Amino acid sequence: MNPVTQLVIANRILAHEEVVDAYGHVSVRTEAGFLLSHSKAPSSVGAEDILEFDLSAQPKTQERRPLYLERFIHAAIYEARPDVMAVVHAHAEDVLPFTIADVALRPVIHSGAFIGAEVPLWDIAATFGERTDLLVRNMDQARDLAKSLGRNNVALMRGHGFAAAARSLIDVVRMSVYLPRNARAQRRAMQMGKLKPLSRGEIEARTSGYKPDSPETQRAWRYWAERAGCAHLLKP
Ligand SMILES: [Zn+2]
């Protein structure tokens, strides 16, 4: 399917599943950069809003519409990680406590396995001091975040949100939908008693057999697209 259409669907899904609200964004890699909307709430992003950016986060064609302030996040992750094909940045509320408290976010439910065994926490103040507005406004800050992400799938951002990276658009959407649910389950479980997170073996077993084009994954994509009111954009 056309990558622009896929990205429109991804925007609508993430908005409807409340991973993003007026803020937050999703991108997909192209041969020499990435596709991302201009600055617009993901719930109303259409094909005409999608622009191509280079790996310094500049639009490839002249653009008068405002751009996302934090588009650098996408550029720096693609630059650092040739294996990454799609990126989400969001401020999902259920994830936020884990960006503040001294408690590691762990995969605790089967659908949370995709976040991986380690979820690093990036603190912008560690490198850039205590006078930033917490937003990732340039390549230096974004590269520092990408460094913290390392080879992992998700990095939490202190007092702000998360960045997720995956090998396909459907993977990153899936991970971003289940990340807040995993966080919610972990927080509730911690109120009840001791946690038993997924083991490395369970995470590997869950993720190694996963295929973005499998009927199970396509079922979820269609389900989310229908809920988001954009199933008409899917292939018949
Ligand atoms: Zn942000």
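Values in this text are rule-based calculations from the coordinates and carry no lab data. Not measured: the values here are computed from a predicted model. No Cβ is skipped: glycine too gets one built from the backbone with ideal geometry, and neighbour counts run over all protein chains shown.
A compact table of results
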| item | result |
| --- | --- |
| Extension gain from Thr132 to Thr30, taking 0.36 nm per residue of separation minus the Cα-Cα distance | 33.6 nm |
| Spin-label zone in region 106-136 - amide nitrogen under 20 Å from a point set 7 Å from the Cα of Ser199 along the C-beta vector | 106-119 |
| Cα gyration tensor of region 169-236 - equivalent ellipsoid semi-axes, whole Å, descending | 29, 17, 7 |
| Computed over region 1-98, Kirkwood Rh from alpha-carbon pairs, angstrom | 13.5 Å |
| Principal axes of the chain: Cα extent on each, largest first, Å | 54, 49, 29 |
| Compactness index (Cα Rg / 2.2 N^0.38 Å), region 96-165 | 1.10 |
| Region 146-187 - convex hull of alpha carbons, volume per residue in Å³ | 79 Å³ |
